[in-house]
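Quick notes on the structure that follows.
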Amino acid sequence: MSRFLKNTYAKLEAYTPGEQPKDGEYIKLNTNESPFPPAPEVTEVLEKEDIERLRLYCDPTSAELKGKLAELYGVSSENVFLSNGSDDILNFSMMAWSGKGAVFPDITYGFYPVFAELHGVEYEEIPLKEDFTVDASDYIARDKLIFIANPNAPTGIEMPLSEIERIVASNSDTVVVIDEAYVDFGGTSALPLIEKYENLLVVRTFSKSRCLAGGRLGYAFGCKALIEDLEKIKYSTNPYNINSLTAKLGCATVDADSYYTDRCKEIIKNREYTAKALETLGFTVLKSKSNFIFAKSDKISGEDLYLKLKKRKILVRHFSKERIRDFNRITIGTKAEMDALLENTEEILKEI
Ligand code: PMP
C-alpha cells in the first residue's frame, strides 16, 4: 500500500474471491461455476466474430441484449439494467440507495459489507436464525437499504416469496435488493413483484445457470426510475461496461434458453443425489435451492476436510467465520465430479 491511498481505502478489507488455480488439474467445486460449457450457439458466435470490429466501441445501451432479456422475462426494456457481472449492480445499488444505511444478514454474500465499507455506508448485519434461515420479521420497516440473497449464499436456503413481499411492502421508503444469483436452480423469483413495488430491485447473473462466469454479465429488473438511477451511475463510471463480445455471447445465450434450463435440471438432480449421499456418510446438509450445498460432518472439521480434499485435487470452499467454520460449500458439478467428491470424502472419513 502506498502512503498516498485515501484513509477510507487504506482501512478497507477487500473481498477475497475463491481460489482460481492456474494448473487446471482440480475438480473445481469452490466458486459455483457451471460444470457445463455454454450452448453450442454461443461458441459459434465467438468463432464467427469479426475481430477487426473490436477497434470500435461497443453499444453503451446494449439495446439488443436488453430487448432479448425483456422479451424472455415479459418486461419492458426500460425495466432492465445490464452490467459487468452482477457484483457491479450490487456495488451501484450501494452507491445509489444507501443514504439511510444498509442491512443484510450476518451470513450471506461476503461482498455486501465490502461495498458498504467502500462507500462509507453505516450497516447492520442481522444474525440468521439458529437453523440458518433468514427471519423476515428482522427486516420489517427497517427504513434502510436491504440486501437479501435469495436463495442465500453460502447456505443455499430459500426464503418464501410471501416473506420477501412482506419485507418489500413494509419498507416503501427504501430500496430492497433481492440478489437472485442462484434462483434458476429451483427457487422462486421476486420478478413478478416489480410491477407492484417501485422499491424492489431483482438482481441476476449469467455466471451460474448460464455458464458464462468468465464473460462477466449481470442484469437486474426494477421499475423505470430505479433503472434510471443505476444508468446514471453507470454513465458516471464506465458507459461501455458490457464489451461487444460479451453482449453478443449474451444474446446467443438468451436465444438458447432451453439448453440452460436443461442444464439446471441436471444440476438439481446431481444436487439431490449428492446431498443424500453425504447424509448417508453422516453429514448435515442444509436444504439447498442453489447450485451448491452447505454441509458439515461431526467426524471432521470443515477446514480439515477442505485441506484433505484439496490434497486430492478437489477444491471446495471453506469459510473461517466462527458460525460456519464447521461447514464447506460444495458446488454441484457433473455426476462424475460428484462421485469423485463422494468417494474421496468417504476415504478421508475412513482414514481418520
Ligand atoms: N451474488 C451472489 C450471492 C454470489 O454468490 C455471486 C457470485 N460470487 C454474485 C452475486 C456475483 O456474481 P457475478 O458478479 O459473477 O455476476
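The values are calculated or read from the model by the stated rules, or taken from the named source; none is laboratory data. Quick caveat: nothing in here was measured; it's all calculated off a predicted structure. So basically every Cβ, Gly included, is an ideal-geometry build from the backbone, and we count neighbours across all protein chains shown.
In contact with a helix residue (DSSP H, G or I) (Cβ under 8 Å, 6 or more places away or on another chain), more than 25 Å from residue 99 (Cα to Cα), hydrophobic (A, V, I, L, M, F, W, C) and within 15 Å of the ligand (Cβ to nearest atom): is that true of residue 221 in this structure? Spelling it out, it is not the case that residue 221 is in contact with a helix residue (DSSP H, G or I) (Cβ under 8 Å, 6 or more places away or on another chain), more than 25 Å from residue 99 (Cα to Cα), hydrophobic (A, V, I, L, M, F, W, C) and within 15 Å of the ligand (Cβ to nearest atom). For residues that are basic (Lys, Arg) and farther than 21 Å from residue 214 by Cα, scanning just the stretch 248-274, find the one that is farthest from the chain's Cα centre (by Cα). Within the stretch 248-274, the match that is farthest from the chain's Cα centre (by Cα) is 269.
With the requirement that a residue be within 26 Å of the chain's Cα centre (by Cα) and either among the small types (Gly, Ala, Ser) or modelled with pLDDT under 95 (or both), what does the stretch 324-352 give you?
333, 336, 340
The number of residues in the stretch 91-120 being among the charged types (D, E, K, R) and either more than 17 Å from the chain's Cα centre (by Cα) or within 12 Å of the ligand (Cβ to nearest atom) (or both) comes to 2. You will find that of 182, 273, 240, the residue that is modelled with pLDDT of 95 or more and within 12 Å of the ligand (Cβ to nearest atom) is 182 and no other. Is the stretch 162-171 home to any residue that is closer than 16 Å to residue 103 by Cβ, in contact with a Phe, Trp or Tyr (Cβ under 7 Å, 6 or more places away or on another chain) and within 16 Å of the ligand (Cβ to nearest atom)? No - not one qualifying residue is present in the stretch 162-171.
Which of the residues belonging to the stretch 213-225 are aliphatic (A, V, I, L, M) and surrounded by 24 or more Cβ atoms within 10 Å (Cβ to Cβ)? Within the stretch 213-225, 217, 220 qualify. Within the stretch 6-27, being among the aromatic types (Phe, Trp, Tyr), away from the ligand (no atom under 16 Å from the Cβ) and surrounded by 12 or more Cβ atoms within 10 Å (Cβ to Cβ) holds for one residue alone: 26. Total residues in the stretch 235-247 satisfying the condition of being more than 20 Å from the chain's Cα centre (by Cα) and either farther than 22 Å from residue 97 by Cβ or basic (Lys, Arg) (or both): the figure is 4. Yes or no: the stretch 111-127 includes at least one residue that is outside any loop (DSSP other than H, G, I, E, B) and closer than 22 Å to residue 73 by Cβ. Scanning the stretch 111-127 turns up no residue that is outside any loop (DSSP other than H, G, I, E, B) and closer than 22 Å to residue 73 by Cβ. Screening residue 131 with (1) away from the ligand (no atom under 16 Å from the Cβ); (2) acidic (Asp, Glu); (3) not in a loop (DSSP other than H, G, I, E, B) gives one miss only, at (3). Among the residues of the stretch 15-38, just one is among the small types (Gly, Ala, Ser) and at pLDDT 95 or above, namely 34.
Of the numbered criteria (1) within 12 Å of the ligand (Cβ to nearest atom); (2) touching a residue at least 24 places away in the same chain (Cβ under 8 Å), the one residue 214 fails is (2).
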